[in-house]
Each structure stands twice: as structure tokens, then as C-alpha cells.
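The values are calculated or read from the model by the stated rules, or taken from the named source; none is laboratory data. Predicted model only: the values in this text are computed from it and were never measured. Counting neighbours? That spans all protein chains shown, and the Cβs are built from the backbone with ideal geometry, glycine included.
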Amino acid sequence: MPFDFAHIQQSRSERGLVNYHAGHAAEASVARHYEDRGIAICAQNWRGITGEIDLIGRRGDEVIFVEVKQSRTHDLAASHLSQAQIARIFATVDEFLAGEPKGLLTDVRIDLALVDGQGRIDVVENAFAG
């Protein structure tokens, strides 16, 4: 009996769709988490030329950029963030800030929000500060 490659492709496609919806659900949950703490979410999935920022929040003059990662565990979610993604995040933040009144002098924080399989959220504030 020949191997059914169509079944594998369908499974990958279905997994991709499930992951896509899980990612958006995680972003919505994280947005609520920030809003519950007094941070207004002003943009979701903001796309520039260099990349995309999952969430952008504002509290006073501070702009908070949030990268959301979702997986079975927080550690696994964090492991899905590559150096190339981090570089794109920084480039996209700079691109967004170019449209702000203070430009690159804007008070900024970049957070990493990790969502596990139970929906628990762990926010690492200023995750990329060196």
C-alpha cells in the first residue's frame, strides 16, 4: 500500500491553522492582561516594512511594544524567539517610532509575553534590555 502524502500535508495545514488561531487567542488574552493593568492597547499586529509588532500599548508618554509567544510551556514559548526575530522587532520598533512626536527619544519598553498551554501569561518586561 503506497504512503498517503496528502494526509500528511493536510495534517500540516490543519496544525498551521490551529497554531494561527491559538496565536491570535494568546494575543487577545495578553492585550486584556495589559489593559487590566492600565495600559491602553493602541495597535495589534502593526505591520511596517521591516516586520510586525504583535501589540503596541501606551501608558502616558511611554510606548510599550509586546512580542507574544505561545506554546505548551513558557520555556518552550520563549525558545521560539530567534535572534533574527529580535533584530526584526528592533527594526520595526524604530520604524514605528519614526512616526512619534519625539521619534527615537520616545520612552519605550519592549516586553516578551509568554503564554502557556493553560493560558497562563508570564510577561518579561524590558525583555531585550542589555
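Observations on the model:
- Qualifying residue in the range 38-48 (condition: in contact with a Ser or Thr (Cβ under 8 Å, 6 or more places away or on another chain), modelled with pLDDT of 95 or more and loosely packed, with under 14 Cβ neighbours inside 10 Å): no
- Scanning the range 75-91 for residues that are under 19 Å from Arg47 (Cβ atoms) and aliphatic (A, V, I, L, M) gives Leu81, Ala84, Ile86, Ala87, Ile89, Ala91.
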